[in-house]
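Trainee: Let me give you the structure first, and then I'll get to my questions.
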Amino acid sequence: MVQLLSDAEITERLNQLSGWHREGNKIQCTRELKDFPEAVNFVNKLVEPAESAGHHPDLEISYNQVTINLTSHGVGGLTENDFNMAKTISEIS
């Protein structure tokens, strides 16, 4: 069973990630890209790592911006899986 992280653990892990912040029981990042096709291309790059990890982000595309939300829906909050996926996403350009 995956364990929820404490507020202190969440804060510690967020301090290690650039561009991510907490929104309730989610962590969020917004990427600004050149245009809509680039935004869609970026989202397509997230498919393989998300499928491999079995951990899928909630995504929103608004023209050239992609907003990424991560949470562990099954346990109702943030777990180590969310931060591992955030790190992976942060490394994708």
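The values are calculated or read from the model by the stated rules, or taken from the named source; none is laboratory data. No experiment lies behind these values; they were computed from the predicted model shown. Heads up, the Cβs are rebuilt from the backbone with ideal geometry, glycines too, and the neighbour counts pull from every protein chain shown.
Trainee: Quick one: Val2 ticks every box in (1) among the hydrophobic types (A, V, I, L, M, F, W, C); (2) modelled with pLDDT under 95; (3) outside any loop (DSSP other than H, G, I, E, B) except a single one, so which number is it?
Mentor: Going through the list (1) among the hydrophobic types (A, V, I, L, M, F, W, C); (2) modelled with pLDDT under 95; (3) outside any loop (DSSP other than H, G, I, E, B), Val2 breaks only (3).
Trainee: Where residues in segment 75-93 are more than 23 Å from Phe36 (Cα to Cα) and of a type in the set (Val, Ile, Thr), which of them is modelled with the highest pLDDT?
Mentor: Pass one, segment 75-93, residues more than 23 Å from Phe36 (Cα to Cα): 75-85, 87.
Then keep just the ones that are of a type in the set (Val, Ile, Thr); that gives 75, 79.
Details: Val75: 94, Thr79: 98.
Among those that are more than 23 Å from Phe36 (Cα to Cα) and of a type in the set (Val, Ile, Thr), it is Thr79.
Trainee: Can you confirm whether segment 27-41 contains a residue that is under 21 Å from Ala8 (Cβ atoms) and among the β-branched types (Val, Ile, Thr)?
Mentor: Yes; the residues of segment 27-41 include at least one that is under 21 Å from Ala8 (Cβ atoms) and among the β-branched types (Val, Ile, Thr).
Trainee: Still on this model: Pick from Ser18, Ser52: which is over 13 Å from Leu78 (Cα atoms), assigned to a helix (DSSP H, G or I) and hydroxyl-bearing (Ser, Thr, Tyr)? Lay out the reasoning, then the answer.
Mentor: Working: Ser18 fails: assigned to a helix (DSSP H, G or I).
Residue meeting the stated conditions: Ser52.
Trainee: For segment 56-81, which positions are without any contact (Cβ under 8 Å) to a residue 60 or more places away in the chain and within 17 Å of His21 (Cβ to Cβ)?
Mentor: Pro57, Asp58, Leu59, Glu60, Gln65, Val66, Thr67, Ile68, Asn69, Leu70, Thr71
Trainee: Considering only segment 75-92, state which residues are exposed (fewer than 13 other Cβ atoms within 10 Å of the Cβ) and under 14 Å from the mean Cα position of the chain (by Cα).
Mentor: Just the residues of segment 75-92 that are exposed (fewer than 13 other Cβ atoms within 10 Å of the Cβ), to begin with: 76, 91-92.
If the condition is that a residue be exposed (fewer than 13 other Cβ atoms within 10 Å of the Cβ) and under 14 Å from the mean Cα position of the chain (by Cα), then Glu91, Ile92 are the ones that fit.
Trainee: Name the one entry in Thr11, Thr30 that is out of contact with any helix residue (DSSP H, G or I) (no Cβ under 8 Å at 6 or more places or on another chain), among the β-branched types (Val, Ile, Thr), assigned to a strand (DSSP E or B) and at pLDDT 95 or above.
Mentor: Thr30
Trainee: Return the total of residues in segment 4-55 being surrounded by 12 or more Cβ atoms within 10 Å (Cβ to Cβ), of a type in the set (Val, Ile, Thr) and within 13 Å of Glu80 (Cα to Cα).
Mentor: 2
Trainee: Here's something else I'd like to know. Within segment 56-74, which residues are modelled with pLDDT of 95 or more, surrounded by fewer than 17 Cβ atoms within 10 Å (Cβ to Cβ) and either not in a strand (DSSP E or B) or not polar (S, T, N, Q) (or both)?
Mentor: Within segment 56-74, His56, Asp58, Leu59, Glu60, Ile61, Tyr63, Asn64 meet the criteria.
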